[in-house]
Amino acid sequence: MTIHHIILYRFKPEATPEQRQSVEDSARSLASQIPAIQGIVAGKTVYNPLGHGFDIGVIFLFESAAKLDEYRPHKAHIDYQAFTAPYLEDKLIFDIETS
């Protein structure tokens, strides 16, 4: 089974292009800091009228719910949340399990 931890980010209007890119880059770097992460896919939105204004999406892959539970309290994850918070207007988190 694989857990897909999907996060959609909507930036504050005042977030600069550099700040927006740093959020995406920082997400990608988590795989080298948190052993529980099996893989990461991240990218900017391709416009969709039903996209609710989200700007980027990140999908973290975990081999089990237990690995996702290891990730949540990890210091690198907590630091990432604190780093990104000033730039974000909203985020949506959705986890799915696939076989």
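The values are calculated or read from the model by the stated rules, or taken from the named source; none is laboratory data. Here the structure is a predicted model, which is why all the values come from computation and not from measurement. All Cβ positions, even for glycine, are placed from backbone atoms using ideal geometry, and neighbour counts span all protein chains on display. Heads up: the accessible areas ignore ligands, DNA and RNA and are worked out on the full protein's heavy atoms, side chains in. Shrake-Rupley method; radii C 1.70, N 1.55, O 1.52, S 1.80 Å.
Just a few scattered comments:
- Global geometry of region 40-92, whether rounded, prolate or oblate, following the gyration tensor of its Cα atoms and the 1.5 cut on a/c: oblate
- Cβ-defined net charge surrounding residue 87, 13 Å radius [Lys, Arg +1; Asp, Glu -1]: -3
- Tail beyond 21 Å, pair distance distribution of the chain (Cα, percent): 31
- For residue 91, a cut-off of 21 angstrom between C-alpha atoms picks up these lysines, skipping any fewer than 8 places away in its own chain: 12, 44, 75.
- Computed with a 1.4 Å probe over protein heavy atoms only, the accessible surface of the chain comes to 60 Å² per residue.
- Other residues lying with their Cβ under 12 Å from the Cβ of residue 36 contribute a combined charge of -1, Lys and Arg counting +1, Asp and Glu -1.
- Carbon plus sulfur fraction of accessible area for the chain, probe 1.4 Å, in percent: 59
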